[in-house]
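Accompanying notes for the structure given below.
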């Protein structure tokens, strides 16, 4: 066959940028002849803030209070320009310019002529530039207008958390500020810019979905959307015999590179046709299924689609595809409420976290930051990430990494904590285009498990209406309960839709139905509550305590969490010298939560109130880690009644104090290292705060039964064994069971509870050790101890040994970014050692210069 393929050119270089007072830009700055050599160089994709930082025009807005001094950026008009060469090969060529992200109010010019306007950051924008671009040199110019004049044209709605202007603007809501990040209203070209040149026809979209599978065969439905173009004369439309036969050949290649299946679909197009769909079904023998990494291998096939007309190949597309089915079971076979994901017909316990954008400067986030965060999630045994509604539909790299590494994705549509103007026709048409664009972009990803209509809007609308904070209709309801499900029924019926999170039951946050956000813990929300009841907040030690988790019988816990400080390195990097101390204004500025006393109340009841910055770092991290452990172990013991626990939140978008497990500089907190145990597919856990009984539970998320022994040991802090017992266990696949019950006095053997340490371990199956204290840290009687530290610089290896007494929360700090630490924030009995390895992202040892080793009660041995 001869070739007439589509040509795509990414326009990533040569961009320049300049800011002006609104309306003050030179009249000719969109034209080819304009001299832009005095403008600054800019990166695309990127944003205005990142460019100004790189050029030294503004300091980092994350340092100190610098975000305040960069607020002027949102009030300016910003222009981008670049040039490119174009050499047409045929008079029938068509050209399309695609911006995969424009933030937000933009006007696009080609050679001085306006090609179109956009008002949505959250989607791609396509412009037919056939006839606008000319042979030789061409110029693209994009003007970004400030947002304030735009949103001031509209009547503000009664409710929009944190700021009133954002409901009318289709932009990442968190850019206007949230309870974990500052206001930073960005602008710029935040996605790739691609020029597509084609002849006759091209593949606009290819859709593949698994219809059914068994061990011997899987059937895959394929649909290719073909866009037909080419310039025609008026005589063509009167030629009844004129037509072209278009053919799509679909080929599926397995992970080893072997041909798995192929099929061909053809259709005749008449001259009047502008698009058509070619459909086929692939029968794949002996299919390799896509699984989450904890249940199997995330097998990925290569789907190749070739479009031809006669003997000419017009377009070729290749993408990864996973054979799998995903369902959401909301009712058991016995008719009881459920909220369980079924992957390939197997119930999955969802373990993971909520995902916010990895930086406030979304356009400039590098791909490797996405890769690092998702790899860290996998390393802590997470199998699901929820893309939260206050951010964006994430970039392609996010979903590709989740596909590759075997992580399910819960995808919120970007509607968060506000009323939205569903009464406005233009707004509804805008979000319909946005939704279709992103549904079609993301629907082939096997990792994508669920579409969700919004974050907390159904729940909070009732709360605010009941409290008298608002008195208006539920503006936005038509979006989540009518528009989005109707669009998905057309464009993606292969995965479930859920209207809101939380949703279900009388109160939308009812633990008896649907999914639940547990903000009794930390925020002090009082439950149970019925719809229409005035919400109650309990800001007391007991009201915010993580021990309230044990009363939660949720079917699926999709959002819950506790604050912890960022790591020392991250805070010292962004806090001005002399201000890194407990109680400083700079430390307080890192915390955007609505009421700072919640964290102190939580620590007051658990660790005691910190007296200095060192205690704050340690106590907040310990409280978060132990609190999440307490809650997640409780939820997992409820399996199969409870089918998921997603922590708020995985990472940070700026260097602040928040609910994250991993801080802005990608340094894990103590809770991250705890997660490697409490999210492990094989979990040993202890229930120790129910009167006199102590209970051992075992959770097995694997698809095979486990048998062996569980050992419980108790020690005093000198390392003396007080009690030991082995219990034979047989644990069915995908199950949770209580393995043994002990009397607390047996375990203590006359020792004070305040000086007792408990360890669980397994033999016969690979469950990690788990450790407990039978009272809170503020009541534990830690004794002075010493730490011996041996450093092997060549291997990036550190051996830490406890001397004299138990050592609580050994912490190793290394002032290097993007490193991996094999283990951290651990306890040691006297005489015990742990080997800690530090590596870079490629697994190579790193320098240990600047290493600090400390603990709550152990001093370095001199």
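The values are calculated or read from the model by the stated rules, or taken from the named source; none is laboratory data. Quick caveat: nothing in here was measured; it's all calculated off a predicted structure. Glycine also receives a Cβ, built like all others from the backbone with ideal geometry; neighbour counts cover every protein chain displayed.
Assigned to a loop (DSSP other than H, G, I, E, B), in contact with a strand residue (DSSP E or B) (Cβ under 7 Å, 6 or more places away or on another chain), at pLDDT 95 or above and not assigned by TED's automatic domain parsing to the domain that holds residue 555: is that true of residue 650 in this structure? It is false that residue 650 is assigned to a loop (DSSP other than H, G, I, E, B), in contact with a strand residue (DSSP E or B) (Cβ under 7 Å, 6 or more places away or on another chain), at pLDDT 95 or above and not assigned by TED's automatic domain parsing to the domain that holds residue 555. For the stretch 690-721, a tally of residues being touching a helix residue (DSSP H, G or I) at 6+ places or on another chain (Cβ under 7 Å) and surrounded by 13 or more Cβ atoms within 10 Å (Cβ to Cβ) returns 6. Selection of helices (runs of 4 or more DSSP H) fully inside the stretch 444-547 by the criterion of at least 3 residues being more than 18 Å from residue 644 (Cβ to Cβ), at pLDDT 95 or above and within 23 Å of the chain's Cα centre (by Cα) returns 457-467, 484-491. Within the stretch 380-394, restricting attention to residues that are assigned to a loop (DSSP other than H, G, I, E, B) and touching a helix residue (DSSP H, G or I) at 6+ places or on another chain (Cβ under 7 Å), the residue that is nearest to residue 681 (Cα to Cα) is 381.
Please find, within the stretch 656-686, the residue that is surrounded by the fewest Cβ atoms within 10 Å (Cβ to Cβ) out of those that are over 17 Å from the mean Cα position of the chain (by Cα) and closer than 30 Å to residue 586 by Cβ. Ranking the qualifying residues of the stretch 656-686, first place goes to 673. Is it true that residue 597 is touching a strand residue (DSSP E or B) at 6+ places or on another chain (Cβ under 8 Å), over 17 Å from residue 518 (Cα atoms) and surrounded by fewer than 23 Cβ atoms within 10 Å (Cβ to Cβ)? No. In the stretch 815-843, the residue that is surrounded by the fewest Cβ atoms within 10 Å (Cβ to Cβ) out of those that are at pLDDT 95 or above and not in a strand (DSSP E or B) is 831. One residue alone among 578, 605 is surrounded by fewer than 17 Cβ atoms within 10 Å (Cβ to Cβ), more than 20 Å from residue 812 (Cβ to Cβ) and at pLDDT 95 or above, and that residue is 578. Scanning the stretch 653-676 for residues that are more than 24 Å from residue 769 (Cα to Cα) and either touching a strand residue (DSSP E or B) at 6+ places or on another chain (Cβ under 7 Å) or not assigned by TED's automatic domain parsing to the domain that holds residue 558 (or both) turns up 653, 654, 656, 657. Yes or no: the stretch 340-358 includes at least one residue that is part of a helix (DSSP H, G or I) and closer than 26 Å to residue 322 by Cα. Within the stretch 340-358 (the criterion being part of a helix (DSSP H, G or I) and closer than 26 Å to residue 322 by Cα), the answer is no, since none of the residues qualifies.
Name every residue in the stretch 558-578 that is touching a residue at least 12 places away in the same chain (Cβ under 8 Å) and farther than 30 Å from residue 517 by Cβ, in order of residue number. First the steps, then the outcome.
So the first thing to find is which residues in the stretch 558-578 are touching a residue at least 12 places away in the same chain (Cβ under 8 Å), and the list is 558-571, 573-576.
Listed by number, the residues that qualify are 568, 569, 573, 575, 576.
Looking at the structure I just gave you, is residue 547 in contact (Cβ under 8 Å) with a residue 24 or more places away in the chain, in contact with a strand residue (DSSP E or B) (Cβ under 9 Å, 6 or more places away or on another chain) and under 30 Å from residue 512 (Cβ atoms)?
Details: in contact (Cβ under 8 Å) with a residue 24 or more places away in the chain: yes; in contact with a strand residue (DSSP E or B) (Cβ under 9 Å, 6 or more places away or on another chain): yes; under 30 Å from residue 512 (Cβ atoms): yes.
Spelling it out, residue 547 is indeed in contact (Cβ under 8 Å) with a residue 24 or more places away in the chain, in contact with a strand residue (DSSP E or B) (Cβ under 9 Å, 6 or more places away or on another chain) and under 30 Å from residue 512 (Cβ atoms).
Only strands (runs of 3 or more DSSP E) whose full extent lies in the stretch 1-117 are considered here, and the ones with at least 1 residues that are more than 28 Å from residue 171 (Cβ to Cβ) are 7-10, 77-86, 94-99.
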